[in-house]
1. If you restrict to DSSP beta bridges whose two residues both lie in the range 7-275, what percentage is antiparallel, to the nearest 5?
2. Quick one: which residues, 5 or more positions from Gly215 or on another chain, have an amide H under 5 Å from its amide H? H modelled 1.01 Å from N in the peptide plane, none for Pro or chain starts.
3. Work out how much length Asp56 to Arg142 would gain on full extension: take 0.36 nm times their residue separation and subtract the Cα-Cα distance, in nm to one decimal.
4. Sticking with the crude label model, points 7 Å out along Cα→Cβ, report the distance from Ser190 to Ala276 in nm, one decimal please.
5. Where a ≥ b ≥ c are the square roots of the eigenvalues of the C-alpha gyration tensor, would you call the range 123-276 rounded, which needs a/c under 1.5, or, failing that, prolate if a/b is larger than b/c, or oblate?
6. Rounded if a/c is under 1.5, else prolate if a/b beats b/c, else oblate: with a ≥ b ≥ c from the C-alpha gyration tensor eigenvalues square-rooted, which is the range 1-121?
7. Could you work out the pair-distance distribution P(r) of the range 55-199 from its alpha-carbon pairs, with 5 angstrom bin width and percents rounded to whole numbers?
8. Using a simple charge model, +1 on the beta-carbon of Lys and Arg, -1 on the beta-carbon of Asp and Glu, nothing else, what dipole does the chain show about its Cα centre, in debye to the nearest 20?
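Computed from the coordinates by the stated procedures, all read-outs in this text should not be read as laboratory data. None of the values given here were measured: they were computed from a predicted structure. In this analysis, Cβ positions are derived from the backbone assuming ideal geometry, glycine residues included, and neighbour counts consider all displayed protein chains.
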Amino acid sequence: MARRRLPVALLSIEGTNCDEELRVALEHLGAAAEVVHLKQFEGREVEPAERRQLSDYAALFVPGGFSAGDYVRAGAIFAARIRAAIGPDLETFVRDGHLVGGICNGFQVLTELGLLPGAPGGRLRPPEAVLMTNDSGRFECRPTYVAWDGGRFPPLRGLPRGTRFLFPSAHGEGKFVLGGDAPARLRALSEAGQILFRWVAPDGGPATYPWNPNGSAGDVAGVTNPEGNVFGLMPHPERAFFRAQSVDWSRGDGAEGAGDGATFLKAVLDRAAERA
């Protein structure tokens, strides 16, 4: 299937607030992106015409925001509702190789579902990692840089390892922490190619605060599942989609054209189209 009019679902509940930004970006790339409330997949409290089936979509995104007010901990309530409403459907969707992406709060949700960093087979599991409160103890909102770690994520395999992207960050709970023997598990994830992005300084060097805005060990900014079709990242590519959104839009080529977010999201859609 061509990328043009590729059906993509953007899953939302109360508190999701980055869905429209992401929809505009994906529509600009030609996808038929639709914001779908979880109740529409459940078929609960909606008209028959508003009901949706996950199997009708080629890819699924969980956008950023503050789902359910981030009560309990970020993403936990949204994840619990997904388990109850569409857990088996989501497992089938992942097992069939469809791309599932989480951005910021969406990354938190997929981690709470146990899909990230996950295990082979795409099963929903108890969480084995968490996105904790930033080391600074406050909400961090600023431009940040991430570097592609050259791992198992198929959409970016054509890019050289270390390719940098400028994506804004906006989160209060973004410190990626693994349970158990965290250093050993982080090494294992890296060796398995499950590190998607690492925070870097503007020159590509090691990230210290504020370039690592949350204190994640190993500067982890995003991870994938073992198969590479489920991914999550803390910064927001949809907020760097147009060149005019860049902090340095007034320099160089000015405000015209695409930003780094367009490069990333186009690669994701192209891969989703291959699998459709």
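1. Here the antiparallel bridges make up roughly 60 percent for the range 7-275.
2. It is Asp135, by chain and number.
3. Numbers: separation 86, 0.36 × 86 = 30.96 nm, distance 3.63 nm.
Length gained between Asp56 and Arg142: 27.3 nm.
4. Label at Ser190, label at Ala276, 3.8 nm between them.
5. Details: a/c = 1.85, a/b = 1.22, b/c = 1.52.
It comes out oblate by the Cα gyration axes.
6. Values: a/c = 1.29, a/b = 1.22, b/c = 1.06.
Here the range 1-121 falls in the rounded category.
7. Taking every Cα pair in the range 55-199, the percentages come to 2, 9, 17, 22, 22, 18, 9, 2, 0.
8. Working: 30 positive and 33 negative charges, 98 e Å.
Dipole of the chain, to the nearest 20 debye: 480 debye.
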